[in-house]
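Taking it in order: structure first as structure tokens, then the write-up.
The values are calculated or read from the model by the stated rules, or taken from the named source; none is laboratory data. Computed from a predicted structure; not experimentally measured. Note that we place each Cβ from the backbone using ideal geometry, even for glycine, and neighbour counts take in every protein chain shown.
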Amino acid sequence: MNAVRSVIVVGAGAMGRTWLDTIARRSDLHVSAVVDVVEGAARSAVEERGWDAPVFSTADGALSAVHADMLLNVTIPEAHLAVSSAALRAGVPVLSEKPVTPTVAEALQLADLSESTGVLLVTSQSRRFSPGISTFRDALQARGGAGQLDTRFFQNPRFGGFRDRMDHPLLVDMAIHSFDQARFLLDEDPESVYCEEFAPSWSWFDGGAAAEAIFRFPSGARFSYSGSWCADGLVTSWNGDWRGSAPDGTVTWDGEAEVVAQGRDDDPAAVPLGPAPDGEGLDAALAEFVAALDGGPVPSGEVHLNVWSLAMVEAAVQSADRGERIVLADVFDAARRDASAR
Ligand SMILES: NC(=O)c1ccc[n+]([C@@H]2O[C@H](COP(=O)([O-])OP(=O)(O)OC[C@H]3O[C@@H](n4cnc5c(N)ncnc54)[C@H](O)[C@@H]3O)[C@@H](O)[C@H]2O)c1
């Protein structure tokens, strides 16, 4: 299909504006409306760009007033369920920011709605799209696949907003990226997790801003996550700092452009990065979504697949709260009961 698609963008905050610019880079997409509940937010986002797109204060209002071939949900997580549901019911495919919803139960509700309406719902997990991570994954697979994978994520943001007051700021707001990357790298979904979450004495967050988690996968592989949002000095990249051990050697990725591999009898060698024909990050997530609308493959963030990354977060939080290993199947069973009771 070569026609220009109309896009409604809901949520004109920091990330919504980044998405507006991402859409504007494509000649086959056109923003047909911008929506935000905060008065003036959508208007200023449109005016700053010199556009004349109409603005609305609700997704329903926009959906009934303008034509849309797709909707981008860039609202706060608590609004994701209502906004995505409205679009699916209107027959409009949705690309949503992560997390698809705050809970697995809500995500299953959306998965059901996507199924019953036959309308596509995809979560953008932009950190699985970069030449660095693809090269790291290919290099691990060439050595027989990682059986032991770990990442260290150490950053020190002073957000000063809602994240400072969350109960689980690191696990709920950030770790989903690393967890989703681990699913991408291992190409399987985990069985269980044991996680400890804590607040280092110097933390400026109210909730637990540091965590250690170990996931077990059906193949026997382990993925360990060590993270902190209150780590001043020697911070890692925002993608974390990765290492994978495979039958035929070890590969590391610094989270940016450096992938290094070494087998038993080799010297360490830099692995040249592969191409990124659809760009990276948001551009690549958008390209994958648009390709699916054109009849291409099911996107990697399609809701039924992506709910696994959310379930990893929910299971890690439960494990930290209860001090025990949590089985992912139990998280899904409880969420399914919760979703059916709604
Ligand atoms: N992929 C990434 O790296 C990344 C980075 C930052 C944020 N995010 C995600 O993007 C989303 C938005 O984050 P943000 O940082 O832009 O937040 P933000 O608070 O800056 O913006 C959210 C906007 O949504 C609006 N909004 C809330 N409820 C709404 C509703 N029902 N209808 C219409 N508008 C509504 C708010 O008024 C606000 O302007 C979140 O899901 C967040 O997790 C992803």
**Item:** Complete set of residues in the range 104-126 that are in a helix (DSSP H, G or I), at pLDDT 95 or above and within 19 Å of the chain's Cα centre (by Cα)
**Value:** 104, 105, 106, 107, 108, 109, 110, 111, 114
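Results for (1) surrounded by fewer than 22 Cβ atoms within 10 Å (Cβ to Cβ); (2) over 22 Å from residue 215 (Cβ atoms); (3) modelled with pLDDT of 95 or more, shown as yes or no for each residue.
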residue: 275; (1), (2), (3): yes, yes, no
residue: 286; (1), (2), (3): no, yes, yes
residue: 295; (1), (2), (3): yes, yes, yes
residue: 298; (1), (2), (3): yes, yes, yes
residue: 305; (1), (2), (3): yes, no, yes
residue: 311; (1), (2), (3): no, no, yes
residue: 328; (1), (2), (3): yes, no, yes
residue: 335; (1), (2), (3): yes, no, yes
residue: 342; (1), (2), (3): yes, yes, no
**Breaking point among (1) of a type outside the set (A, V, I, L, M); (2) over 24 Å from residue 101 (Cα atoms); (3) without any contact (Cβ under 8 Å) to a residue 24 or more places away in the chain, for residue 212** = (2)
**Asked** Taking the range 292-326, which residues are part of a loop (DSSP other than H, G, I, E, B) and over 21 Å from residue 171 (Cβ atoms)?
**Response** 294, 295, 296, 297, 298, 299, 300
**Item:** Selection count, the range 183-198, where residues are in a helix (DSSP H, G or I) and in contact (Cβ under 8 Å) with a residue 60 or more places away in the chain
**Value:** 2
**Prompt:** With the range 1-102 as the region, which strands (runs of 3 or more DSSP E) entirely inside it contain at least 1 residues that are more than 11 Å from the ligand (Cβ to nearest atom) and touching a Pro at 6+ places or on another chain (Cβ under 8 Å)?
**Reply:** 29-35, 70-73
**Fill in**
Pairs returned, first residue in the range 33-53 that is aromatic (Phe, Trp, Tyr), second residue that is modelled with pLDDT of 95 or more and near the ligand (Cβ under 10 Å from one of its atoms), beta-carbon separation under 7 angstrom, 6 or more apart or interchain, are none
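Take the conditions of a type in the set (Asp, Glu) and part of a helix (DSSP H, G or I) and apply them to residue 206. Does it pass? Lay out the reasoning, then the answer.
Values: of a type in the set (Asp, Glu): yes; part of a helix (DSSP H, G or I): no.
Against the criterion (of a type in the set (Asp, Glu) and part of a helix (DSSP H, G or I)), residue 206 does not qualify.
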**Request:** Go through the residues of the range 137-153 one by one and say whether even a single one is surrounded by fewer than 24 Cβ atoms within 10 Å (Cβ to Cβ) and under 28 Å from residue 78 (Cα atoms).
**Result:** no
**Prompt:** So residue 186 fits all but one of (1) within 16 Å of the ligand (Cβ to nearest atom); (2) surrounded by 21 or more Cβ atoms within 10 Å (Cβ to Cβ); (3) hydrophobic (A, V, I, L, M, F, W, C); what number is the exception?
**Reply:** (1)
**Message:** Would you confirm whether or not the range 142-152 contains a residue that is aliphatic (A, V, I, L, M), under 15 Å from the mean Cα position of the chain (by Cα) and part of a helix (DSSP H, G or I)?
**Reply:** no
**Message:** For the range 209-233, give me the residue count where each residue is under 17 Å from residue 150 (Cβ atoms) and assigned to a loop (DSSP other than H, G, I, E, B).
**Reply:** 5
